[in-house]
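Following this message is one structure expressed as structure tokens.
Just so you know, all these numbers are worked out from the coordinates, no wet-lab data involved. Please read all numbers here as calculations on a predicted model, not as lab measurements. As a convention, Cβ positions derive from the backbone with ideal geometry for all residues, glycine included, and neighbour counts pool all protein chains shown.
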Number of protein chains: 2
Amino acid sequence: MPDERSRPPLVSFVSAGPGAADLITLRGLQRLQRARVVLFDALTDPALRDHAPKARWIDVGKRGFCDSMRQAHINALLVQWATREHGVVRLKGGDAGIFGRLEEEIEALQAAGIPYEVVPGVTAALAAAAAAGRPLTRRGRGRSVALTTAVATDARGQPVLRSGRSADTEVFYMAGRQLAALGRRLQAAGWPDDTAVMVVSRAGCADQLVSDHRLHGLAAAAVLHSGRPTVVTVGVGAQALGQARASADCPTPAGLNLHHEVSIIADNSAAGAASTPA
Amino acid sequence: MPDERSRPPLVSFVSAGPGAADLITLRGLQRLQRARVVLFDALTDPALRDHAPKARWIDVGKRGFCDSMRQAHINALLVQWATREHGVVRLKGGDAGIFGRLEEEIEALQAAGIPYEVVPGVTAALAAAAAAGRPLTRRGRGRSVALTTAVATDARGQPVLRSGRSADTEVFYMAGRQLAALGRRLQAAGWPDDTAVMVVSRAGCADQLVSDHRLHGLAAAAVLHSGRPTVVTVGVGAQALGQARASADCPTPAGLNLHHEVSIIADNSAAGAASTPA
């Protein structure tokens, strides 16, 4: 097709959303539909493939610190495909610009002189809040939200747990494996031990799980969310809204004012003003 | 339709994304398509109406502090429509859970015993970052992102400007009218006066504008973005990526590695390591 070949190649970084295929944007969908090559991560919902059945799908996924395929290799693959093919989509979970190592891939394209665009998406923190029906900001008392990775690497490349207290609501990504340690760190950083903590795994998917805790009991969430992509929300944005709190005290998920089936497990040790229905 | 009437009424809070109609999610679109009533804000892209042409569209928009229709009235309208009709969609700009006063509307529904769901979306901070092709997190040095409203009200209900320094990258919503004051406050809060600041208005739309500044020159952005929904990104996430910085020094938008036409105006007073092409 000479018409297409006369245009410069273009790589679209498409944010797939947090897991469920229907949380991609229309713009992202449109880029997928015209893609010839899709480089995707292992965590991407396989249902997204239905939108680009004729494209070549290449798994460049890496999980946690296993890094089954290193970033440098992904960068090289991206440049190779973009040089060879028009309609290359680099599909990334959540929003590509939040903990997606997007900058490394963009810089590889820039170095090769290849144009690109970024299609934004739903990041996991927002999907988790929506899953529980709890906004991350609250008028008058929840004016800032910090998105933070719970895991970083130290100078020797070893994983270290980071935590702090910088905003009214803090949302921790990639915290699933270290909930007990995260709870201790947050207490050390100045959060009261009865601070509301909401743990959500596979947010936006049919089997999403939402559980309520207090900071001192956060470790209890580890088994429930084990092996699932997990987001931890701490502070104002984790607090149930007025009547919803009553639902959380209800033993069955049927009592919840949510369309999707959600299990909310209240921490039995939780008490205080916030847990009393208004 | 007796089948529909036997189901409980359900309100879907649908996040419309930051402005462009194609940044809504597929799930949000699907809710719109089956809606009978849509309560929307003035800022919502009119093109979204095409997805629900037979629904009754009700403008409940309010802008800034004008509050042309008060929140209490919106809450009441929402409950009235949800009681009367199935398929009520409450469409909100950006992500409903970020500075959307969602909690007040949810609590009104809870008080009336009306079930609801929240469909998450693309919040303005992410759309702004995508518009400029700059991720908000950067590996190793940009590990946290704070979303903050620049404007709050004091005890007397008067608008006050808030600012701080709590994360590697801070994104300020609703800052467009007070850029000079925001710049001064951020300097007072400890940000160096040559900190990179990116101002984006109408992110994601065809006429989006991206401009680069240093903190001390932030006031210069006021005229350029005047009267447009504006997001201000400060710190690591505002820094151009390696080669992109060279593009920002280029006088024409054509030099940019972006698919959509974007104007990046480099602050002439900006200097230092970050502005030198790698």
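Please list 3J(HN,Hα) in residue order for region B:23-39, calculated via the Karplus relation 6.51 cos²θ - 1.76 cosθ + 1.60 where θ = phi - 60°; whole Hz, with x for glycine and proline.
Per-residue couplings from phi come out as 9, 7, 7, 4, 5, x, 4, 5, 5, 4, 4, 9, 6, 9, 9, 10, 9 Hz.
Per-residue mean of other chain beta-carbon atoms within 10 angstrom of the beta-carbon, peptide A:128-134?
Shielding by partners across A:128-134 averages 6.
So if the hydrodynamic radius of region A:4-119 is defined as the Kirkwood radius over C-alpha pairs, what does Stokes-Einstein give as its diffusion coefficient at 4 °C and 1.567 mPa s, in µm² per second? Don't jump to the answer; show the numbers that get you there.
On the way: Rh = 14.0 Å.
Here the translational diffusion coefficient equals 93 µm²/s.
How far is B:Ala112 from itself in the other copies, in nm, if each label sits 7 Å out from Cα along the Cα-Cβ line, shortest first?
5.5
So for each of A:86-98, A:33-45, B:109-121 I average, over its residues, the number of other beta carbons within 10 Å; can you give me the resulting order with the highest mean first? Write down the numbers at each step before the final one.
On the way: A:86-98: 26.9, A:33-45: 18.9, B:109-121: 22.7.
Averaged packing, sorted descending, gives the order A:86-98, B:109-121, A:33-45.
If you don't mind, another one. Show me, for region B:206-211, the HN-Hα J-couplings you get by feeding each phi into the Karplus relation (A = 6.51, B = -1.76, C = 1.60, θ = phi - 60°), rounded to Hz, glycine and proline as x.
4, 9, 4, 10, 10, 10
Expressed in whole Å with the largest first, what are the equivalent ellipsoid semi-axes of region A:167-244 derived from the C-alpha gyration tensor as the square root of 5 times each eigenvalue? Walk me through the intermediate numbers first.
Working: eigenvalues 68, 47, 21 Å².
The equivalent ellipsoid of region A:167-244 has semi-axes of 18, 15, 10 Å.
How many Cβ atoms of partner chains, on average, are near each residue of B:110-116 if near means within 10 Å of its Cβ? Please list the in-between numbers first.
On the way: counts 11, 3, 1, 2, 1, 5, 4.
Rounded to a whole number, the mean comes out at 4.
Considering only DSSP beta bridges whose two residues both sit in region B:4-119, what percent are antiparallel, to the nearest 5? Write down the numbers at each step before the final one.
On the way: 1 of 17 bridges.
The answer is about 5 percent antiparallel.
Could you identify the residue of A sitting closest to the A-B rotation axis by Cβ and state that distance rounded to whole angstrom?
A:Ser166, 2
So, one more: Which whole number gives the average, over all residues in A:166-173, of C-beta atoms from other chains lying within 10 Å of the residue C-beta?
For peptide A:166-173, the averaged partner shielding equals 4.
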